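First, the structure itself, so that you have it in front of you.
The values are calculated or read from the model by the stated rules, or taken from the named source; none is laboratory data. Every value quoted in this text rests on a predicted model; they were computed, and no experiment measured them. FYI the Cβ positions are ideal-geometry reconstructions off the backbone, even for glycines, and counts take in every protein chain you see.
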Amino acid sequence: MKTKITFKSIIFSISAAIILFFILFFVILSLLNKKPVAAFYGIPENTQKGITAVLQKTHTRRNKKSLPYEIVILNDTLDLKSAIKNSKKPDILFIYNGRNAEYAASLAASKKTGFDSSILNGMTTSVKATAYSANGKITGVPLLIDNYEIDVNLNAFKNSGIPAVNFWNDIERLAEKTKSASVVPVLFSAGNDEMLINVFGALVESLSGVQAWNSMTSKLKALSDSGNITVSSCTELISQMAQEDGELYKALSMISSWKDSGLIPKNITQITFRDINAYMAANLTAITFMTLSQHRTIEYKTISQYSSIYYPSLSYANERHFAAPVVLAVPLSQNKIARNSVELMANTLQPSLCSQTGLAPAQANCSTPDKQSDDVRYWVAASGAPLPALCDAAFTKKTEKAAFASALRSLLK
């Protein structure tokens, strides 16, 4: 039996074909116009803005108007695995080195999105050591170096009569000489969970050595992996590490003695970075502990009255491993635009990255915006591989950091 082809059926078929054509056309067009996604996890806002400013100039879209990247800020109160699940899938991830970065690098390895080792060309040996790799490919590319620093008020130093501040006893002498009813000699933002933990991490490396830092980090990671991180379990572990031969003994002893002698305020556990900024602006503190990225948020008129030094130690330079977190770029797709951007930022765009963020470069021979950035680059180059921030090295989510910080504060009250 012959099938009767009607005019209506012909019109219907043509209409369906046209609709299908336009659907395919718009699908292809949307794929061609889809922006690569760049995500940030745990990176300070001012550093995010600096990296984004450089990133958006690494590629020009066809319309030459809209910005080439979609920027996503991941929820860093969650562990990275959970944060990525609840977000758009990034093509590039910017993250500090540490446990969550290890997870990101493992994702890159599983997706086989790593770079050739040549992407590290020109970087110092110590910075290269912070890169993540798998199967001969670089899955975490170092871009910038942050640092835990000590800022010394220049007027307080000049008026103290102390010839140099090279060791902890020099810092203590300077603090003693500046103590008065109005001036707080030493401040750090112990009211912030991460800063409290990370300052103690930097103190442990400085006072007790990298072996003590490694031992402490291993114990904290084991506690994290046990799933039993509570204030009580953290207090028990801190009590063990605060024994005379323990990892935290020297750091806790020094800070406790400073508190008892009035070198740091009684309410140190409530001090925030906003408080520190206000004290510095009013010229009411002599010595502050902060990061280079925080340093960059303080008005020039204020910060120019301070000089930045590293955490001192009796160890030789080649035995030091400064607490200097590294900002990594982790490639999480084969997107060509994203991959090209990382390659540029790791090499020719290093000066722009440093200028926009104020952090130190990964490249050995890169111009820097000022002495602070150049000093950090030199300090890290002259020592061993820099350490991540302790909270990033040991923990993966905010609740764990909060429990450990709470336990630490109980010993400082």
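Would you say residue 221 is under 16 Å from residue 413 (Cα atoms), basic (Lys, Arg) and in contact (Cβ under 8 Å) with a residue 24 or more places away in the chain? Spell out the reasoning first.
Values: under 16 Å from residue 413 (Cα atoms): no; basic (Lys, Arg): yes; in contact (Cβ under 8 Å) with a residue 24 or more places away in the chain: yes.
Against the criterion (under 16 Å from residue 413 (Cα atoms), basic (Lys, Arg) and in contact (Cβ under 8 Å) with a residue 24 or more places away in the chain), residue 221 does not qualify.
Which residues, taken from region 274-287, are farther than 18 Å from residue 311 by Cβ and either assigned to a helix (DSSP H, G or I) or not assigned by TED's automatic domain parsing to the domain that holds residue 194 (or both)? Reasoning before the result, please.
Pass one, region 274-287, residues farther than 18 Å from residue 311 by Cβ: 274-275, 277-284.
Within region 274-287, 274, 275, 277, 278, 279, 280, 281 qualify.
Quick check: is even one residue across region 219-242 basic (Lys, Arg) and closer than 30 Å to residue 284 by Cβ? Outline the logic, then answer.
Here is the first cut: in region 219-242, the residues basic (Lys, Arg) are 219, 221.
Next, only the ones that are closer than 30 Å to residue 284 by Cβ stay: none.
Checked region 219-242: no residue is basic (Lys, Arg) and closer than 30 Å to residue 284 by Cβ.
Of the numbered conditions (1) over 19 Å from residue 324 (Cβ atoms); (2) modelled with pLDDT of 95 or more; (3) not small (Gly, Ala, Ser), residue 412 satisfies every one except a single condition; which is it?
(2)
Okay, next question. Taking into account only those residues within region 175-203 that are assigned to a helix (DSSP H, G or I) and either charged (D, E, K, R) or free of Cβ contacts under 8 Å to residues at least 60 places away in the same chain (or both), which is surrounded by the fewest Cβ atoms within 10 Å (Cβ to Cβ)? Walk me through how you get there before you give the answer.
Quick first cut of region 175-203, residues assigned to a helix (DSSP H, G or I) only: 175-178, 193-203.
This time we only want the ones that are either charged (D, E, K, R) or free of Cβ contacts under 8 Å to residues at least 60 places away in the same chain (or both), so: 176-177, 193-194.
On the way: 176: 14, 177: 16, 193: 21, 194: 20.
That would be 176.
Taking residue 264 and the conditions (1) assigned to a loop (DSSP other than H, G, I, E, B); (2) farther than 21 Å from residue 188 by Cα; (3) in contact with a Phe, Trp or Tyr (Cβ under 6 Å, 6 or more places away or on another chain), which numbered condition does it fall short on, given that it satisfies the others?
(2)
Collect the residues in region 140-172 that are without any contact (Cβ under 8 Å) to a residue 60 or more places away in the chain and farther than 30 Å from residue 406 by Cα, keeping them in residue-number order.
Step one: of region 140-172, the residues without any contact (Cβ under 8 Å) to a residue 60 or more places away in the chain are 158-164, 169.
158, 159, 160, 161, 162, 163, 164 - these are the residues of region 140-172 that are without any contact (Cβ under 8 Å) to a residue 60 or more places away in the chain and farther than 30 Å from residue 406 by Cα.
Which pairs have Cβ atoms under 7 Å, sit 6 or more apart or on different chains, and link a residue in region 242-262 that is farther than 15 Å from residue 408 by Cα to one that is charged (D, E, K, R)?
As it stands, the answer is 262/179, since those pairs meet every condition given.
Would you confirm whether or not region 206-222 contains a residue that is under 20 Å from residue 254 (Cα atoms), touching a Phe, Trp or Tyr at 6+ places or on another chain (Cβ under 9 Å), of a type outside the set (A, V, I, L, M, F, W, C) and in a helix (DSSP H, G or I)?
Within region 206-222, one or more residues are under 20 Å from residue 254 (Cα atoms), touching a Phe, Trp or Tyr at 6+ places or on another chain (Cβ under 9 Å), of a type outside the set (A, V, I, L, M, F, W, C) and in a helix (DSSP H, G or I).
For region 236-251, enumerate the residues that are part of a helix (DSSP H, G or I) and crowded, with 17+ Cβ neighbours inside 10 Å. Quick ask: steps written out before the conclusion?
We begin by selecting, within region 236-251, every residue part of a helix (DSSP H, G or I); these are 236-241, 249-251.
Correct list: 237, 238, 241, 249, 250, 251.
Give the residues of region 126-139 that are touching a residue at least 40 places away in the same chain (Cβ under 8 Å) and of a type in the set (S, T, N, Q), sorted by residue number.
Those that are touching a residue at least 40 places away in the same chain (Cβ under 8 Å) and of a type in the set (S, T, N, Q): 126, 130, 139.
Follow-up question, since we're still on this one. Would you confirm whether or not region 239-250 contains a residue that is touching a Ser or Thr at 6+ places or on another chain (Cβ under 6 Å) and not β-branched (Val, Ile, Thr)? Spell out the reasoning first.
At the first step, the residues of region 239-250 found to be touching a Ser or Thr at 6+ places or on another chain (Cβ under 6 Å) are 247, 250.
Still in the running and not β-branched (Val, Ile, Thr): 247, 250.
Yes; the residues of region 239-250 include at least one that is touching a Ser or Thr at 6+ places or on another chain (Cβ under 6 Å) and not β-branched (Val, Ile, Thr).
Could you go through region 139-150 and let me know if any residue there is within 21 Å of residue 271 (Cβ to Cβ) and among the hydroxyl-bearing types (Ser, Thr, Tyr). Let's see the steps before the verdict.
Taking region 139-150 first, the residues within 21 Å of residue 271 (Cβ to Cβ) are 146-150.
When the remaining residues are screened for being among the hydroxyl-bearing types (Ser, Thr, Tyr), the result is 148.
Yes, because at least one residue in region 139-150 is within 21 Å of residue 271 (Cβ to Cβ) and among the hydroxyl-bearing types (Ser, Thr, Tyr).
Further, regarding this structure: Those residues that are farther than 30 Å from residue 67 by Cα, of a type in the set (A, V, I, L, M, F, W, C), out of contact with any Ser or Thr (no Cβ under 8 Å at 6 or more places or on another chain) and crowded, with 21+ Cβ neighbours inside 10 Å, I need them from region 290-340; list them, please.
Kept after step one, since they are farther than 30 Å from residue 67 by Cα, are these residues of region 290-340: 290-291, 300-324.
This time we only want the ones that are of a type in the set (A, V, I, L, M, F, W, C), so: 290, 303, 309, 314, 317, 322-324.
Pick out the ones that are also out of contact with any Ser or Thr (no Cβ under 8 Å at 6 or more places or on another chain) and you get 303, 309, 314, 323-324.
Scanning region 290-340 gives 323, 324.
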